[in-house]
1. Can you give the FRET efficiency to the nearest 0.05 for Lys127 and Phe39, using r as the Cβ-Cβ distance and R₀ = 30 Å?
2. For Asn63, what residues show an amide H to amide H distance below 5 Å, using hydrogens built from the backbone and excluding near sequence neighbours?
3. How would Glu46, Glu23, Glu41, Glu120 line up from fewest to most surrounding beta-carbon atoms within 10 angstrom?
4. Sort Val48, Val7 so the one with the fewest other Cβ atoms within 10 Å of its own Cβ comes first.
5. Amide H of Glu99 versus every other amide H placed in the peptide plane: which residues, excluding those fewer than 5 positions away on the same chain, fall under 5 Å?
6. Quick check on the exposure proxy: order His102, His112 from fewest to most C-beta atoms within 10 angstrom.
Amino acid sequence: MPRSLDVAARDIVFNGPYKTRDELEMALSQGALVNIDNFDELALVEQVAASLSRPGRVGIRVNFRYGPAPWTKFGFNDENGDAQAALKRIAAQPNLAFEALHNHCGTFQLVHDIYAKAIEALIKMAKRAISASSRPSSMSAAAFRRAIASSPCTTCPAATTERATC
């Protein structure tokens with residue numbers, strides 16, 4: 001839909017828990033940023049990106065334990081090491097360019113401290129991603145800012161980034 005509204009592919013973030021191969025091929029080939037949700041999707045993205053003439057722009061969706069009940073419905077978990085494993089796998093792929101971290105703290109989340117915890121966790125993860133990258137240029141300072149800005153909701157008072165989306 002955004003392309004039908006003349007939104008440049010570079011300005012599109014393709015997010016969601018289920019993406020088809022056709023959708024991934026279209027998004028990656030046109031230069032959209034794809035947030036990867038799980039290891040099966042990562043494998044599919046790796047296959048699609050292998051045929052691209054330029055690196056596919058990707059991010060990962062991350063979940064954390066925020067309190068007694070974790071929000072682990074979607075994304076790579078940070079505490080069990082899945083998120084770090086995904087980042088290492090992406091860094092090892094010359095046809096993938098890691099650019100973003102995404103997090104969704106839950107639907108109708110009214111506890112603002114959870115957003116602050118998510119921001120802190122994402123900053124730590126972004127720093128780990130930069131230091132662990134075998135291709136540091138794939139995680140530039142601008143990409144770091146986008147990674148941090150891609151997580152908290154704009155309605156969250158803890159959001160102190162220049163651009164925040166859900």
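Any read-out appearing in this document is the output of simple, stated calculations on the displayed coordinates, not a laboratory observation. Just so you know, these numbers come straight off a predicted model, no measurement behind them. Note that each Cβ is placed from the backbone with ideal geometry, even for glycine, and that neighbours are counted across all protein chains shown.
1. Efficiency at R0 = 30 Å is approximately 0.85.
2. Phe76, Asn77, Asp78
3. Glu120, Glu23, Glu46, Glu41
4. The fewest-first ordering by Cβ neighbours comes to Val7, Val48.
5. Under 5 Å from the amide H of Glu99 lie the amide H atoms of Val58, Gly59, each far enough along the sequence or on another chain.
6. The fewest-first ordering by Cβ neighbours comes to His112, His102.
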